[in-house]
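J.: Let me begin by handing over the structure; questions about it come next.
A short reminder: the numbers here are calculations on the coordinates, not readings from a lab. Computed from a predicted structure; not experimentally measured. We place every Cβ from the backbone using ideal geometry, glycine too, and count neighbours over all the protein chains shown.
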Amino acid sequence: MRVRAALVVTVLAATAALAGCSGDTSPLPVTPDRPRAVATTPAPGGDKPAPPACNPRASLRPAGSLPPPGEMPAGSYMATIQERGRLVLGTSQDTLLFSSRNPFSGEIEGFDVDMGRQIAEAIFGDPDKIQIKVIGYDKRVSSAADGSVDIVADTMTANCERWADVNFSSIYYEAGQKVLVAKASKAKSINDLGGKKVCSAAGSTSFENIGKVEAKPVAVAKPAFGDCLVAFQRNEVEGISTDDTILAGMAAQDPYAKVIGERFTQEPYAIAMDKKHPEFTRFVNAVLERNRANGTWKRTYDKWLGDFGPAPTPPKAQYR
Ligand code: GLU
């Protein structure tokens with residue numbers, strides 16, 4: 001317990017320090033330096049009308065070969081970005097391996113950030129022409145849809161409900177939901193957590209999915225997964241449930257935590273964009289297509305996720 005408390009202090013101190021060196025990014029959407037009331041929600045998920053059926057993995061087909069960097073077609077949204085001089089990426093800053101702030105450099109980095117950098121490189125010939133805006137998990141759809149960012153790459157699942165508001169790229173990563181508990185826990189899967197508090201980020205598919213588990217764990221919403229980790233370390237919740245990718249990053253930060261059970265959902269990650277610029281979605285898909293073929297995807301995987309084993313085959317693009 002004492003060690004766990006020390007870990008909480010470390011996480012809070014680190015988060016507070018990081019919030020103070022935000023560089024060109026927007027500030028944290030919440031102040032994580034004091035305990036918040038735990039919002040518990042009875043079984044989310046079941047009361048929403050089902051979205052129209054779709055294949056969430058199928059995106060818009062690339063329109064042909066990519067224009068050379070710095071020569072974006074006149075009138076296209078890529079030309080607007082080029083004129084502005086930087087691509088604006090919306091992401092989080094506490095998802096280790098995908099998008100988290102490096103405490104030494106102060107830079108936000110990870111697999112998702114590299115997805116953004118690769119698009120900046122295709123537009124400008126320079127992956128550094130990128131501005132990172134930290135957004136809440138529950139602002140991913142609205143930020144992409146209202147144009148306050150050009151792209152959202154943030155462990156974001158492409159699903160039919162979100163397709164109603166944004167365009168998604170083709171899939172760049174296949175994740176799935178699992179659960180993290182204390183190493184001492186006897187639970188073998190989320191089905192052993194009936195009636196127990198299980199944390200997830202507000203606005204995430206994970207939060208909705210907890211509500212669909214038959215054993216009926218109590219879904220607890222926090223603004224970000226970093227907040228879930230703090231709640232877990234304070235013993236306010238029994239576990240955290242979200243994508244295996246995010247949980248792997250948390251388990252790496254907490255020696256008293258373990259990830260259990262099989263994936264119980266499919267979470268295909270895609271880049272979200274404003275529906276008003278379909279040519280930009282096609283362009284992004286052409287970049288992803290090229291980077292799957294030329295080994296860039298594999299290098300990105302090895303760089304961030306190589307510790308978990310050899311890179312799988314990248315998800316194959318599907319188009320409408
Ligand atoms: N991938 C899921 C989602 O898009 C859950 C994790 C997350 O919030 O990033 O909602």
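J.: So between ALA252 and SER105, what do we pick up on full extension, going 0.36 nm a residue minus the alpha carbon distance?
T.: That works out to 51.0 nm of additional length.
J.: On to the next question. Find the relative contact order for the stretch 190-247 and round it to a whole percent, using C-alpha pairs within less than 8 Å whose residues are 6+ positions apart.
T.: About 40 percent, as a whole number.
J.: Between GLU279 and ARG84, take the C-beta separation as r, use R0 = 22 Å, and let me know the FRET efficiency to the nearest 0.05.
T.: Calculated value: 0.85.
J.: So which helices of the chain fit the span-like rule, where a helix is a whole DSSP H run, its Cα atoms reach 24 Å or more along the axis, and its mean Kyte-Doolittle is at least 1.0?
T.: Helices meeting the span and hydropathy rule in the chain are 2-19.
J.: For the chain, what is the mean residue ellipticity at 222 nm derived from helices alone (per DSSP H run of n ≥ 4: -39500 (n - 2.57); sum divided by total residues; nearest 500 deg cm²/dmol)?
T.: -9500 deg cm²/dmol
J.: Taking the Cα centre as origin and putting +1 on Lys and Arg beta-carbons and -1 on Asp and Glu beta-carbons, what dipole magnitude results for the chain, to the nearest 20 debye?
T.: Roughly 680 debye for the chain.
J.: What's the center-to-center distance, using Cα atoms, between the stretch 182-227 and the stretch 125-167 in Å?
T.: For the stretch 182-227 versus the stretch 125-167, the Cα centre distance is 25 Å.
J.: Then there's this: Which percentage, to the nearest 5, of the DSSP beta bridges contained in the chain is antiparallel?
T.: Here the antiparallel bridges make up roughly 60 percent for the chain.
J.: Further, regarding this structure: If you count, for each residue, the other Cβ atoms within 10 Å and average over each peptide, how do 214-227, 235-248 line up from highest to lowest?
T.: 235-248, 214-227
J.: Let me ask something else. If the only charges are +1 at each Lys and Arg Cβ and -1 at each Asp and Glu Cβ, what is the size of the charge dipole of the stretch 136-207 around the Cα centre, to the nearest 20 debye?
T.: Roughly 660 debye for the stretch 136-207.
J.: So, how do all the Cα-to-Cα distances of the chain break down into 20 Å bins, in percent, from 0 on up?
T.: Once binned at 20 Å, the Cα pair distances of the chain give 33, 58, 9, 0.
J.: With θ set to phi - 60°, apply the Karplus curve 6.51 cos²θ - 1.76 cosθ + 1.60 along the stretch 146-158 and write out the HN-Hα couplings as whole Hz, x wherever there is a Gly or Pro.
T.: 9, x, 6, 9, 7, 9, 10, 10, 7, 6, 9, 6, 7
J.: Restricting the count to DSSP beta bridges whose residues both fall in the stretch 69-135, what percent are antiparallel, rounded to a multiple of 5?
T.: Rounded to the nearest five, the antiparallel share is 45 percent.
J.: If you don't mind, there's one more thing I want to ask. For the stretch 149-215, which trypsin sites (Lys or Arg not before Pro) pass both filters: DSSP loop (anything but H, G, I, E, B) and at most 14 other C-beta atoms within 10 Å?
T.: Within the stretch 149-215, the qualifying trypsin sites (Lys or Arg not before Pro) (loop, at most 14 other Cβ atoms within 10 Å) are LYS183, LYS186, LYS188, LYS212.
J.: LYS186 to CYS160: FRET efficiency via 1/(1 + (r/R0)^6), r the Cβ-Cβ distance, R0 45 Å, to the nearest 0.05?
T.: Plugging the Cβ-Cβ distance into 1/(1 + (r/R0)^6) gives 0.75.
J.: Right, next: For the chain, modelled as a Gaussian network with Cα springs under 10 Å, which listed residue fluctuates most, SER189, SER204, SER59?
T.: For the chain, modelled as a Gaussian network with Cα springs under 10 Å, the answer is SER189.
J.: Taking square-rooted eigenvalues a ≥ b ≥ c of the alpha carbon gyration tensor, is the stretch 210-314 rounded, prolate or oblate, where a/c under 1.5 means rounded and, failing that, a/b exceeding b/c means prolate?
T.: Judged from the Cα gyration tensor, the stretch 210-314 comes out prolate (a/c at least 1.5, a/b above b/c).
J.: If you stretched the chain out fully between ALA58 and ARG263, how much longer would it get, using 0.36 nm times the residue separation minus the C-alpha to C-alpha distance?
T.: Net length gain for the segment: 71.6 nm.
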